[in-house]
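The values are calculated or read from the model by the stated rules, or taken from the named source; none is laboratory data. Values in this document were obtained by computation on a predicted structure and should not be read as measured data. Note that each Cβ is placed from the backbone with ideal geometry, even for glycine, and that neighbours are counted across all protein chains shown. Calculation scope for accessible area: heavy atoms of the full protein, side chains included, ligands and nucleic acids excluded. Shrake-Rupley method; radii C 1.70, N 1.55, O 1.52, S 1.80 Å.
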Amino acid sequence: MKGAIMTVPGEPLELLDIELGTVEPHEVQVRVERASVCHTDLTIAQGNFPMPVPAVIGHEAAGVVEAVGDQVTRLKPGDRVIAFANPFCGHCGHCHRGDTFLCTGEATFRAPEGGQRVTINGDGAFAMAGVGAFSETMLTHENSLAPVPGELPFTEATLLGCGVSTGLGAAMNTAGVADGDTVAVLGCGTVGLSAIQGARVAGASRIFAIDILPSKLQIAQSVGATDLIDARDPDAVNEILESTSGGVDSAIECIGKPETTAMAVQVVGRGGTAVLVGFMPLGTNIELPGTEFLYMGKRLVASVLGSTNFLRDLPKYGALIESGEVNLEALTTNHFSFNDINLAMSKLHNGEILKPIIDIGEAA
């Protein structure tokens, strides 16, 4: 079987033959049908986040269960599943509260149960997030998988492994957008467009989409944004503050830069919440206007994968997609063969497309 391997950070991925270990008691072997490329994958492939090499990267995938360990109870061969990047232990305090995205025992499930799980020519290889989604077949812990909701096609299902769930959850879970709220979303990529839709579904009365690309702003409008803001406009913050009589209820930052974080804090009003979603480079620090922040009672919170409990929330997200309330059309138009994965990543890096879908298997 083939895997897309990062051998040298910053260099193109190599499609190499890989072998998987035997299926251990809590593990599941999955035939990958669709994978999608996330900006986090780009960050890692470019060497901007440390990871052992060689590594099978990728963390958004959907496929079919081929085999399960003898202690796996939730899944069976033939099940359609989605992989996600934060395995949970099910035993720590956060898991007991339902906050599996904050699991303190997850490192246990990133480590192999029975020795090296992926090998290349007999030598061990690292699997990103314990998944290694850019592979024809992956071997992972059962707590890194959730059933595909309903009859959702694999193309849409793979997006729920990270980006779409993160955006929907950032609005619906972390920000807790309520009926009539005003919301600003900074960055209109996969996560931002999903956050806009999550805010719309939750009943937001106005949704400000903020980006530097007119093409992305137009897509944002098509999925629910009511106001389009050019982030390069020096008057952008004042425009939002004036049109909302003091600021929005929630601002969702989906880029991962100090300057957009500062903007998110600026545009929320008294008692408002700035939600940090974007993945920031290691060592990045952010600054806050202390007196104003304190005096206005603003809140700054981080959203880990949209505060999504995958076993609980994916059926809800899937139902929204199947009903048409959440529209993923703009994210599912760019398909690539497995052989063209480097081209897909290049186009994402250059801003030519929103979301590359890698057609690894043949199922729809």
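Could you look through segment 198-208, keep only residues that are over 19 Å from the mean Cα position of the chain (by Cα) and among the small types (Gly, Ala, Ser), and pick out the one that is nearest to GLY306 (Cα to Cα)?
It comes out as ALA202.
I'm trying to understand the selection: among the residues of segment 234-255, which are surrounded by 20 or more Cβ atoms within 10 Å (Cβ to Cβ) and at positive phi?
GLY247, the sole residue that qualifies.
Only one of (1) assigned to a helix (DSSP H, G or I); (2) surrounded by fewer than 21 Cβ atoms within 10 Å (Cβ to Cβ); (3) under 20 Å from the mean Cα position of the chain (by Cα) fails for ILE321. Which number is that?
Going through (1) assigned to a helix (DSSP H, G or I); (2) surrounded by fewer than 21 Cβ atoms within 10 Å (Cβ to Cβ); (3) under 20 Å from the mean Cα position of the chain (by Cα) one by one, ILE321 breaks only (2).
Being of a type outside the set (D, E, K, R) and open to solvent by 30 Å² or more (accessible area, probe 1.4 Å) is the filter here, so list the residues in segment 203-233 that pass it.
Scanning segment 203-233 gives SER205, ILE212, LEU213, PRO214, SER215, GLN218, ILE219, GLN221, SER222, THR226, LEU228, ALA231.
State yes or no: is ASN339 over 16 Å from the mean Cα position of the chain (by Cα), farther than 15 Å from THR158 by Cβ and assigned to a helix (DSSP H, G or I)?
Answer is yes for this residue.
For segment 289-310, what are the residues that are closer than 20 Å to VAL177 by Cα and charged (D, E, K, R)?
Passing the criteria: LYS298, ARG299.
A quick yes/no check of all residues on (1) over 28 Å from PHE49 (Cβ atoms); (2) out of contact with any Ser or Thr (no Cβ under 9 Å at 6 or more places or on another chain); (3) surrounded by fewer than 21 Cβ atoms within 10 Å (Cβ to Cβ):
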position	(1), (2), (3)
ALA262	no, yes, yes
VAL268	yes, no, no
PRO281	no, no, yes
ILE286	no, no, yes
PRO289	yes, yes, yes
LEU294	yes, yes, yes
ARG299	no, no, yes
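Scan segment 43-67 residue by residue and report those that are surrounded by 20 or more Cβ atoms within 10 Å (Cβ to Cβ), more than 17 Å from PRO356 (Cα to Cα) and in contact with a Pro (Cβ under 8 Å, 6 or more places away or on another chain).
Result: VAL65, single match.
Any residue at all in segment 105-121 that's at pLDDT below 90, over 21 Å from PRO54 (Cα atoms), open to solvent by less than 20 Å² (accessible area, probe 1.4 Å) and assigned to a loop (DSSP other than H, G, I, E, B)?
yes
Answer yes or no: is there a residue in segment 169-177 that is free of Cβ contacts under 8 Å to residues at least 40 places away in the same chain and among the β-branched types (Val, Ile, Thr).
Scanning segment 169-177, I find no residue that is free of Cβ contacts under 8 Å to residues at least 40 places away in the same chain and among the β-branched types (Val, Ile, Thr), so the answer is no.
Restricting attention to segment 342-364, and to residues there that are small (Gly, Ala, Ser) and part of a loop (DSSP other than H, G, I, E, B), which single residue is most open to solvent (accessible area, probe 1.4 Å)?
ALA364
Any residue in segment 13-29 that is farther than 15 Å from VAL65 by Cβ sitting within a Cβ distance under 8 Å of a residue that is open to solvent by 50 Å² or more (accessible area, probe 1.4 Å) and assigned to a strand (DSSP E or B)? List the pairs, counting only those 6 or more apart or interchain.
LEU15/LYS2; LEU16/LYS2; ASP17/LYS2; ILE18/LYS2
Would you check which residues across segment 158-173 are outside any helix (DSSP H, G or I) and touching a Cys at 6+ places or on another chain (Cβ under 9 Å) and list them?
Passing the criteria: GLY161, CYS162.
Please enumerate the residues belonging to segment 22-42 that are under 26 Å from VAL72 (Cα atoms), surrounded by 20 or more Cβ atoms within 10 Å (Cβ to Cβ) and of a type in the set (A, V, I, L, M, F, W, C).
VAL28, VAL30, VAL32, ALA35
Kindly list, by first and then second residue, each pair from a residue in segment 341-364 that is closer than 16 Å to GLY189 by Cα to a residue that is in a loop (DSSP other than H, G, I, E, B) and open to solvent by less than 30 Å² (accessible area, probe 1.4 Å), limited to pairs with Cβ atoms under 6 Å and residues at least 6 apart or on different chains.
The qualifying pairs are ALA344/VAL37; MET345/VAL37; LYS347/ILE353; LEU348/VAL37; PRO356/VAL37.
Can you find a residue that is touching a Cys at 6+ places or on another chain (Cβ under 9 Å), within 12 Å of ALA231 (Cβ to Cβ) and part of a helix (DSSP H, G or I) anywhere in segment 185-196?
Taking every residue of segment 185-196 in turn, at least one turns out to be touching a Cys at 6+ places or on another chain (Cβ under 9 Å), within 12 Å of ALA231 (Cβ to Cβ) and part of a helix (DSSP H, G or I).
Could you please find all residues in segment 74-91 being farther than 16 Å from THR308 by Cα and open to solvent by less than 20 Å² (accessible area, probe 1.4 Å)?
Answer for segment 74-91, where residues must be farther than 16 Å from THR308 by Cα and open to solvent by less than 20 Å² (accessible area, probe 1.4 Å): LEU75, VAL81.
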